[in-house]
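Asks: One structure, pasted below without further comment.
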Amino acid sequence: MTPPAPAELRVMRPVGPLVISIEGVTKLYQMGEETIHALRGVSLEIRRNEYLAIMGPSGSGKSTLMNMLGCLDTPTSGRYEFNGNDVAGMVDDELAEIRNREIGFVFQTFNLLARSDALRNVELPLIYAGVPRHERHERARLALESVGLADRIHHKPNELSGGQRQRVAIARALVNRPSIILADEPTGNLDSKTGVEIMDLFEDLYDRGNTLIVVTHEESVARHARRIVRLHDGLIESDRLAE
Amino acid sequence: MGRLLYEFNESVRIAMAQIRANKMRSALTALGVVIGIVAVTLMGTAIRGIDIGFEKSLAMLGGDILYVDKWPWLGAEDWWNYVDRPYVKPEDVLKLNRIIDSTENSELEFAVFSAFRATALKANGLSVSGVFTRGTSADYGRVLTADFAEGRLFTDAEDQAARQVCILGSDVAQALFPARSALGATVIVAGQPFEVIGVLARQGSFLGLFSFDNQMVMPLGAFHKYYGVRNDETEIMVKMKDKNRIDQAREELTGDMRRVRGQQPGQRDNFSINGGEAFKEKLDPIKKGIAFAGLFVTGLALFVGAIGIMNITFVSVKERTKEIGTRKALGARRFTILLQFLIEAVSICVLGGVIGLGLTYGLFAGVKAAMPNFPIEFSLLLVVVSMLVSIATGVLSGIIPAWGASRLDPVDALRYE
Ligand SMILES: Nc1ncnc2c1ncn2[C@@H]1O[C@H](COP(=O)(O)OP(=O)(O)O)[C@@H](O)[C@H]1O
Ligand SMILES: [Mg+2]
């Protein structure tokens, strides 16, 4: 558990235009005979410059919602618009395109390529975006610098600490200048001290004008966000701004 | 366009890293391809060697020379059809040359008569037997394919006068005069002294069967004088004007010979027209046999190899499911993932192909060093073919697992542990 954060002044930046708009989204999983209702009709609007936490107990549908928001998955029913485009009807490669350009993912387990160094890992989204080599290097280097890893760019993941690995993953999420950054339990695999460091980095990203969505079941992590959405059993239980 | 190139480079990098990280596994998997490529290249090496050996041998027989004989050189199983034919005689050649001279735009130049027998000769206190001895005219110089190491052929005048002169093949000269030149020496043939006026350069053997270096040439007059006129070992050599028009030349010669023999329309030819080309047919079944065996082994090895590579690619996809999910989350399209695993499979195959080629080349170099005359030949074409075969094998064996990987659901792939 993270120790309670000392009271501090938090700035809430004015929100921008609508990025994500979902309405009445459901997701069903078929497990043999049984149908699992992971989402039972979720509506949500997310604007640029928001810092949102999605909370809820295990199994409440957080990851399912996050995969949906990240265009990794499409809803069983309901409407989903990303920057005004209908996502629900897109095919695989179109979704890949959106993920590549508009979304930065941060995973609980970091998901770095073990045999590639930090620079190479951060370059990956740029390769898929068709950015030329030279520009790729430069942007990846800058992204690593911005998460405080300027001196680690040629280290492989197994030569880095957990916190440093998550920083590489965050640099990778930033490098394509996405519309939103999605993080699913970003501190789940870190000790509490390192977790705090990562949340400080998120605070920093927010200040630099990024839009963040963090999925967590920890209050101490959610407390960093400016808006908290609570899920329960596939439905939104509450959606309010942080005090 | 740029994107495709970057993705391709990335895929090659990953494939190389993957192979490096799993050296043993990759090497074992590539074994089938190695064997396949060794088989296919050895086959190619052998077939090409036979072809080249044949071309060399054909040049000894004279690519532009047709032979008129009583018997066909090959395929006289129905010997009773030939046994009553007359032998070719010196008179045939006189008539034949007259017809050739009077034919306008003839495909043929002239004809030369030869008679042969095996003889023994002595000189220098040494003796050799079984020497292939030819009695012929001075025109023989114009159809002779060998060069003179020293000396010359006899002249027309020497021929007319039936002078006792001779030309020796290199093996014969070497055997009788190991320490010095044979030129000007006297050899005893049929109890008679003959002066050596020429020695032929070394030629080698025809398809390793028949040596051209074990021979002696003398004027026909002298040959007849000491061995008598026996007609059973005679032939006519006819020089063509253009060796690329062999069919036309053969046709004209057939007509000419029928006139010489006074044959009626409807009668079967009472002679055979032979040429080195005839041996080509003899070689075809051998080449076919090698090709069949080679392709069989190649096909089998590549099939087994392909299954191994397909399996290893499935394993690779399974092991890296989470990585596939991550890549998809970062924007990899289906084709990108397909390409990645395809290139991995192809890389293993190409690795096997290169090792196979290396082995074949080593084997080839070893055989060449040990037996310079052994008919095998390495070629660039083999390298190209091997690489293409390797790549094709890689694509065929990698496509199914790579296709599966490309269609994985990103969420499922990311959840995979
Ligand atoms: N791929 C899947 N197949 C079947 N059931 C799933 C799948 N993904 C999630 N679920 C189910 O949907 C519900 C919500 O899961 P999830 O979104 O992962 O919850 P959370 O992240 O809040 O723990 C759970 O009951 C889970 O078992
Ligand atoms: Mg979850």
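The values are calculated or read from the model by the stated rules, or taken from the named source; none is laboratory data. A quick note: this is a predicted structure, and the numbers were derived from the prediction, not measured. Here the Cβ positions follow ideal geometry from the backbone for every residue, glycine too, while neighbour counts run over all protein chains shown.
Yes/no matrix, rows are residues, columns are (1) within 16 Å of ligand 2 (Cβ to nearest atom); (2) in contact with a helix residue (DSSP H, G or I) (Cβ under 8 Å, 6 or more places away or on another chain); (3) without any contact (Cβ under 8 Å) to a residue 12 or more places away in the chain; (4) not β-branched (Val, Ile, Thr):
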site: A:35; (1), (2), (3), (4): no, no, yes, no
site: A:38; (1), (2), (3), (4): yes, yes, no, yes
site: A:47; (1), (2), (3), (4): no, no, no, yes
site: A:50; (1), (2), (3), (4): no, no, no, yes
site: A:55; (1), (2), (3), (4): yes, yes, no, yes
site: A:64; (1), (2), (3), (4): yes, no, no, no
site: A:68; (1), (2), (3), (4): yes, no, no, yes
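Asks: Among the residues in the stretch A:29-49, are any among the polar types (S, T, N, Q) and within 14 Å of chain B (Cβ to nearest Cβ)? Talk me through it step by step, then tell me what you get.
Replies: Start the filter on the stretch A:29-49 by keeping residues that are among the polar types (S, T, N, Q), which leaves A:30, A:35, A:43, A:49.
Cutting the leftovers down to within 14 Å of chain B (Cβ to nearest Cβ) gives us A:30.
Within the stretch A:29-49, one or more residues are among the polar types (S, T, N, Q) and within 14 Å of chain B (Cβ to nearest Cβ).
Asks: Moving on. Go through (1) farther than 23 Å from residue B:9 by Cα; (2) more than 17 Å from the chain's Cα centre (by Cα) and name the single condition residue A:157 misses.
Replies: The single condition residue A:157 does not satisfy is (1).
Asks: Hey, could you check the stretch A:105-138 for residues that are surrounded by 22 or more Cβ atoms within 10 Å (Cβ to Cβ) and touching a Pro at 6+ places or on another chain (Cβ under 7 Å) and say which is nearest to the other protein chains (Cβ to nearest Cβ)?
Replies: A:112
Asks: Condition test on residue A:156, is it of a type outside the set (Gly, Ala, Ser), more than 16 Å from ligand 1 (Cβ to nearest atom) and modelled with pLDDT under 95? Reasoning before the result, please.
Replies: Working: of a type outside the set (Gly, Ala, Ser): yes; more than 16 Å from ligand 1 (Cβ to nearest atom): yes; modelled with pLDDT under 95: no.
When the stated conditions are applied, residue A:156 does not pass them.
Asks: Next question, about the same structure. Report yes if residue B:385 is out of contact with any Phe, Trp or Tyr (no Cβ under 6 Å at 6 or more places or on another chain), away from chain A (no Cβ under 14 Å), surrounded by fewer than 22 Cβ atoms within 10 Å (Cβ to Cβ) and more than 30 Å from residue B:56 (Cα to Cα), otherwise no.
Replies: Values: out of contact with any Phe, Trp or Tyr (no Cβ under 6 Å at 6 or more places or on another chain): yes; away from chain A (no Cβ under 14 Å): yes; surrounded by fewer than 22 Cβ atoms within 10 Å (Cβ to Cβ): yes; more than 30 Å from residue B:56 (Cα to Cα): no.
Judged against the criteria, residue B:385 is not a match.
Asks: Oh, and also: State yes or no: is residue A:83 polar (S, T, N, Q) and modelled with pLDDT of 95 or more? Reasoning before the result, please.
Replies: Working: polar (S, T, N, Q): yes; modelled with pLDDT of 95 or more: no.
Spelling it out, it is not the case that residue A:83 is polar (S, T, N, Q) and modelled with pLDDT of 95 or more.
Asks: Ok, one more. Starting from residues that are within 6 Å of ligand 1 (Cβ to nearest atom) and in a loop (DSSP other than H, G, I, E, B), keep the ones in the stretch A:55-73 and report whichever is surrounded by the fewest Cβ atoms within 10 Å (Cβ to Cβ).
Replies: Taking the stretch A:55-73 as the starting set, the residues that turn out to be within 6 Å of ligand 1 (Cβ to nearest atom) are A:56, A:58-64.
Among the residues that remain, those that are also in a loop (DSSP other than H, G, I, E, B) are: A:56, A:58-61.
On the way: A:56: 21, A:58: 7, A:59: 13, A:60: 21, A:61: 24.
Filtering the stretch A:55-73 for residues that are within 6 Å of ligand 1 (Cβ to nearest atom) and in a loop (DSSP other than H, G, I, E, B), the one surrounded by the fewest Cβ atoms within 10 Å (Cβ to Cβ) comes out as A:58.
Asks: Looking at this structure, is residue B:317 touching a helix residue (DSSP H, G or I) at 6+ places or on another chain (Cβ under 6 Å), closer than 26 Å to residue B:411 by Cβ and crowded, with 20+ Cβ neighbours inside 10 Å?
Replies: Details: touching a helix residue (DSSP H, G or I) at 6+ places or on another chain (Cβ under 6 Å): yes; closer than 26 Å to residue B:411 by Cβ: yes; crowded, with 20+ Cβ neighbours inside 10 Å: yes.
Judged against the criteria, residue B:317 is a match.
Asks: Can you find a residue that is more than 9 Å from every other protein chain (Cβ to nearest Cβ), among the small types (Gly, Ala, Ser) and in contact with a helix residue (DSSP H, G or I) (Cβ under 9 Å, 6 or more places away or on another chain) anywhere in the stretch A:82-103?
Replies: Initially, the stretch A:82-103 is screened for residues more than 9 Å from every other protein chain (Cβ to nearest Cβ), giving A:82-91, A:94, A:102.
The next check asks that each one be among the small types (Gly, Ala, Ser); those that pass are A:84, A:88-89.
Remaining after also requiring in contact with a helix residue (DSSP H, G or I) (Cβ under 9 Å, 6 or more places away or on another chain): none.
Within the stretch A:82-103 (the criterion being more than 9 Å from every other protein chain (Cβ to nearest Cβ), among the small types (Gly, Ala, Ser) and in contact with a helix residue (DSSP H, G or I) (Cβ under 9 Å, 6 or more places away or on another chain)), the answer is no, since none of the residues qualifies.
Asks: For the stretch A:176-190, how many residues meet the condition of being of a type in the set (A, V, I, L, M), farther than 15 Å from residue A:209 by Cβ and in contact (Cβ under 8 Å) with a residue 60 or more places away in the chain?
Replies: Applying the first criterion (of a type in the set (A, V, I, L, M)) to the stretch A:176-190 yields A:180-183, A:190.
Okay, now just the ones that are also farther than 15 Å from residue A:209 by Cβ, so A:182-183, A:190.
From what is left, the residues that are in contact (Cβ under 8 Å) with a residue 60 or more places away in the chain are A:182-183.
Residues that pass the stated criteria total 2.
Asks: Right, next: Within the stretch B:102-141, how many residues turn out to be in a helix (DSSP H, G or I) and more than 19 Å from residue B:199 (Cβ to Cβ)? Outline the logic, then answer.
Replies: Kept after step one, since they are in a helix (DSSP H, G or I), are these residues of the stretch B:102-141: B:102, B:138-141.
Imposing the further condition that a residue be more than 19 Å from residue B:199 (Cβ to Cβ) reduces the set to B:102, B:139.
Selection size over the stretch B:102-141: 2.
Asks: While we're here: Just to be sure I understand, how many residues within the stretch B:284-334 are of a type outside the set (A, V, I, L, M), away from every other protein chain (no Cβ under 14 Å) and in contact with a Leu (Cβ under 8 Å, 6 or more places away or on another chain)? Please lay out each step first, then the result.
Replies: Start the filter on the stretch B:284-334 by keeping residues that are of a type outside the set (A, V, I, L, M), which leaves B:284-285, B:287-289, B:292, B:294, B:296, B:298-299, B:303, B:305, B:308, B:311, B:313-314, B:316, B:318-323, B:325-328, B:331, B:333-334.
Those still in the list that are away from every other protein chain (no Cβ under 14 Å) too: B:284-285, B:287-289, B:292, B:294, B:296, B:298-299, B:303, B:305, B:308, B:311, B:313-314, B:318.
From the residues that got through so far, the ones that are in contact with a Leu (Cβ under 8 Å, 6 or more places away or on another chain) too are B:294, B:305, B:308.
Number of matching residues: 3.
Asks: Restricting attention to the stretch A:194-234, report how many residues are within 18 Å of residue A:62 (Cα to Cα), outside any loop (DSSP other than H, G, I, E, B) and out of contact with any Leu (no Cβ under 8 Å at 6 or more places or on another chain).
Replies: 6
Asks: So which of B:55, B:91 ends up being at pLDDT below 80 and part of a helix (DSSP H, G or I)?
Replies: Among B:55, B:91, only B:55 is at pLDDT below 80 and part of a helix (DSSP H, G or I).
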